Amino acid sequence: MSRLIIDFGETFETDSRLGMLLEGVLAEHEQIWLWDHYFALVMHQLADETVAQHLMETLAQWAGAFSTKILSPVNELHAEGALTLDAKLKIQPISGDVHECYVIEARANDGGWPEVVAKLPQQPSQRRMAYSVIALAQYFLNKNPLFFRELPLHILAMRKFYLQQMARTEAASVAEAPGFAFQTAMRFFEDMSQNT
């Protein structure tokens, strides 16, 4: 099992600093799986419709701007800012006491993809809960620039899912939105390989 902890400090709103810690090992190909499932869970859990819409629009705007660049060299992506979701965000290792903590676990599943389970604070800030999705994506982009190859496609697919297939408030969306994103991305890469 691997566990990722996101901790918002008391001063996050003023200094954009948060702590992150990965316990255990998460394979690179499992990063997008974990992110998709966490995003779908947060979208379902958000009680504030305005916050949920803002999260989706923020991600979709970034994804739309860079979706045509997914095969660009990493140095070009850095130069164009494609690997940055929020330039103000400062991710640092967790040290000392935690304040508002979001825990995402990837539990091994016999012969399949890991099960993703999230433990949220009892009364989470709606804005911080939404932002934890952005922070998780940024963390993976910082650790693994190849995460960018998948992220824009998955964001745009999940946006399409919520607009055309199922509302985020439906319980089934937590499992079905990530599945839709995976199938969409897989078809995209299959089509691309057939056309080259």
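Tell me the net charge near ASP36. Cut-off is 12 Å between Cβ atoms, ASP36 excluded, with +1 for each Lys or Arg and -1 for each Asp or Glu.
Values: positive: none; negative: GLU30, GLU150, GLU176.
Here the count lands on -3.
Once both axes come from the Cα atoms, what is the angle between helix 126-143 and the longest principal axis of the chain, in degrees from 0 to 90, rounded to 10?
So the inclination is approximately 60 degrees.
What's the ranking of 32-42, 139-149, 47-57 by average number of surrounding C-beta atoms within 10 Å, highest first?
Top of the packing list down: 32-42, 139-149, 47-57.
Using helices alone, what [θ] at 222 nm do you get for the chain, with -39,500 (n - 2.57) per DSSP H run of 4 or more residues, divided over all residues and rounded to the nearest 500?
Working: 7 runs with 97 residues, N = 196.
Dividing the helical sum by the residues of the chain leaves -16000 deg cm²/dmol.
Which value, in Å³ per residue, describes the convex hull spanned by the Cα atoms of the stretch 32-94? Write down the numbers at each step before the final one.
On the way: hull volume 8.5 nm³, N = 63.
For the stretch 32-94, the hull spanned by Cα atoms encloses 136 Å³ per residue.
Give me the distance in nm between label points sitting 7 Å out from Cα along the Cα-to-Cβ direction at GLU76 and THR11, one decimal.
Taking the two extended label points, one gets 4.0 nm.
Determine the sum of side-chain charges near GLU150: Lys and Arg each +1, Asp and Glu each -1, restricted to other residues whose C-beta is under 11 angstrom from that of GLU150. List each step's numbers first, then the result.
Details: positive: ARG149; negative: GLU28, ASP36.
Local net charge: -1.
Suppose we keep just the alpha-carbon trace of the stretch 39-184; what are its Rg and Dmax in angstrom?
When restricted to the Cα atoms of the stretch 39-184, Rg and Dmax are 15.6, 44 Å.
Helix 49-66 sits at what angle to the longest principal axis of the chain, using alpha carbons and giving 0 to 90 degrees rounded to 10?
So the helix axis and the longest Cα principal axis differ by about 50 degrees.
Counting only other residues whose beta carbon sits under 12 Å from that of MET166, what net charge do I get with K and R as +1, D and E as -1? Could the numbers behind the result be given before it?
Details: positive: LYS160, ARG168; negative: GLU170, GLU176.
It works out to a net charge of 0.
Taking 0.36 nm per residue of separation and subtracting the Cα-Cα distance, what length does fully extending THR169 through GLN92 add? Please list the in-between numbers first.
On the way: separation 77, 0.36 × 77 = 27.72 nm, distance 3.26 nm.
Using 0.36 nm per residue and subtracting the Cα-Cα distance, I get 24.5 nm.
Subtract the Cα-Cα distance of GLN194 and LYS160 from 0.36 nm times their separation in residues, and report this length gain in nm to one decimal. List each step's numbers first, then the result.
Numbers: separation 34, 0.36 × 34 = 12.24 nm, distance 2.42 nm.
Here the answer is 9.8 nm.
Based on the Cβ-Cβ distance of ASN144 and MET1, what FRET efficiency does E = 1/(1 + (r/R0)^6) give at R0 = 22 Å, to the nearest 0.05? Before the final figure, lay out each step's value.
Working: r = 20 Å, r/R0 = 0.90.
The calculated FRET efficiency here is 0.65.
If one takes the longest principal axis of the Cα atoms in the chain, at what angle in degrees, from 0 to 90 and to the nearest 10, does the Cα axis of helix 28-45 lie?
60 degrees
Order of 90-96, 150-156, 177-183 by packing, highest average Cβ count within 10 Å first? Don't skip to the answer; put the middle values down first.
Working: 90-96: 11.4, 150-156: 22.7, 177-183: 20.7.
Descending packing order for the listed peptides: 150-156, 177-183, 90-96.
Note down the magnitude of the dipole of the stretch 1-107 about its Cα centre, charges +1 on Lys and Arg C-beta and -1 on Asp and Glu C-beta and zero elsewhere, to the nearest 20 debye. Could the numbers behind the result be given before it?
On the way: 6 positive and 17 negative charges, 56 e Å.
So the dipole magnitude of the stretch 1-107 works out to roughly 260 debye.
Could you tell me the calculated FRET efficiency between HIS29 and HIS54, based on Cβ-Cβ distance and R0 = 41 angstrom, to the nearest 0.05? Kindly include the intermediate steps, with their values, before the conclusion.
On the way: r = 30 Å, r/R0 = 0.73.
The calculated FRET efficiency here is 0.85.
Can you tell me how much longer the chain between ALA108 and ALA65 gets when fully stretched, taken as 0.36 nm per residue apart minus their C-alpha distance, in nm with one decimal? Intermediate results must be reported in sequence, preceding the final value.
Details: separation 43, 0.36 × 43 = 15.48 nm, distance 3.47 nm.
Result for the pair: 12.0 nm of gain on full extension.
Quick one: which of LYS69/LYS119; LYS69/LYS143; LYS69/LYS160 span more than 23 angstrom between C-alpha atoms?
Values: LYS69/LYS119 34 Å; LYS69/LYS143 19 Å; LYS69/LYS160 20 Å.
With Cα atoms farther than 23 Å apart: LYS69/LYS119.
Quick note: the coordinates plus some simple rules give every number you see, no bench work behind them. Bear in mind the structure is a predicted one, so any value in this text is a computation, not a measurement. When we count neighbours, we look across all protein chains shown, and the Cβ atoms used for this are built from the backbone with ideal geometry, even at glycine.
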